[in-house]
Amino acid sequence: MKQNNTNFLLAVCLLTGLISFLSAGAQTTVTIQPNAVTGKDAQLASCVACGYSVRNFGTKQDFSAFSWTNGGHSSDSRSILEFDLSQIPFGATILTAKLSLYYNPNSAEGGHVSFPISTNACYLQRVTSAWNESTVTWNTQPTTTTLHQVTIPASTSSTQNYPNINVRQLVQDMVNNPGSSFGFMLRLKHETCYNKMILTSTDHPNAALRPKLVVTYSVPQPMPDPSFRLNGQDENQVGPSVTIGVFPNPANSVLTLNINTHRPSMAEISIYSLSDREIFTWKGILHTGPNEIKTEVSNWPRGIYMCILRTDEEVRTMKIMIE
């Protein structure tokens, strides 16, 4: 009897391992390091008296963030950068995402400067509205979200590079929400004088110093759950195979969709306004158990929205309030 139990447990372990291996999907790694032609980035400068706040800096070799003065006038800088993620399939699971940023030795701004009290530590934030590299200015800069923002620590030397910054969650958000994701914004954590972070843009002549993003992802394949049958019955016959809830509701900044499923399935989520305009869409694989999908809603008009979840078996709807 003991031997039979041992064989049974071994078979279960082997089967579980095989299912985990098959459902994980193959891993793919892509490296994105665009040049001046294929890249999309711009510096934003705030100085009104200098005329910078309405001027476009889409071809600068700097990818910078600083707070300084110019002729006695306050002069802050932020930068935005968008990578083409279209080669990553919708619904992919981002396993790793590493962003490398490099000091610009050719910059007219000199090197990094970190004031002892406020420091030149920076945030990398996800850009949530569209922008044009050739026309964007400080006054027309796109919106951003603090959700999953990444902190770049203060420099310890004036020529420091920042290789392999972990931006996995930001890239996952971009893949999950392509309609509200338009790259990264670099900005000082504290925009107070005198601090500088001077890095290179995609327009830099040295290809090795241009911003580089390396992403490893997988596209899971839906597999039958070992517990699909319960006492000889389809689990779907015991109760709903998928349930959906939202939090908070009403929402005003970040909306979280909580979806629970009895087994893996392909799914599509659409959120519509009462005027029947699609505001948000997500397509991907729901895994057995709880699934959590977040989206930024701070720029959505106030009102009532309809959320529709479609799987290969059923449709669920829910009203959402944005205030």
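Since every read-out is calculated from the coordinates, none of them should be taken as a lab result. It should be emphasised that the depicted structure is a prediction, and the values quoted were computed from it without experimental measurement. Counting neighbours? That spans all protein chains shown, and the Cβs are built from the backbone with ideal geometry, glycine included.
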Label-to-label distance, nm, for residues given as Glu278 and Thr256 (7 Å Cα→Cβ offset): 2.7
Semi-axis lengths (Å, descending) of the ellipsoid that matches the C-alpha gyration tensor of the range 238-322: 23, 13, 11
Taking Tyr162, Tyr305 and counting other C-beta atoms within 10 Å, the order from fewest to most: Tyr162, Tyr305
Neighbour-count ranking [beta-carbon atoms within 10 angstrom, fewest first] of Cys47, Cys122: Cys47, Cys122
Long-range HN-HN contacts of His73 with modeled amide H, under 5 Å: none
Debye, to nearest 20: dipole size of the chain, +1 on Lys, Arg Cβ, -1 on Asp, Glu Cβ: 460
Exposed trypsin sites (Lys or Arg not before Pro) absent - longest run of the chain, DSSP non-H/G/I/E/B, at most 12 other C-beta within 10 Å: 1-276
In Hz, Karplus ³J(HN,Hα) per residue of the range 186-197 (6.51, -1.76, 1.60; θ = phi - 60°; x = Gly, Pro): 9, 8, 4, 5, 10, 7, 10, 5, 10, 9, 9, 10
Least to most buried among Met318, Met197 (fewest other Cβ within 10 Å first): Met318, Met197
Cα-based convex hull volume of the chain per residue, rounded to whole Å³: 179
C-alpha long axis of helix 2-24 to longest principal axis of the chain, angle in °: 40
Calculated P(r) of the range 27-218 - Cα pairs past 30 Å, %: 14
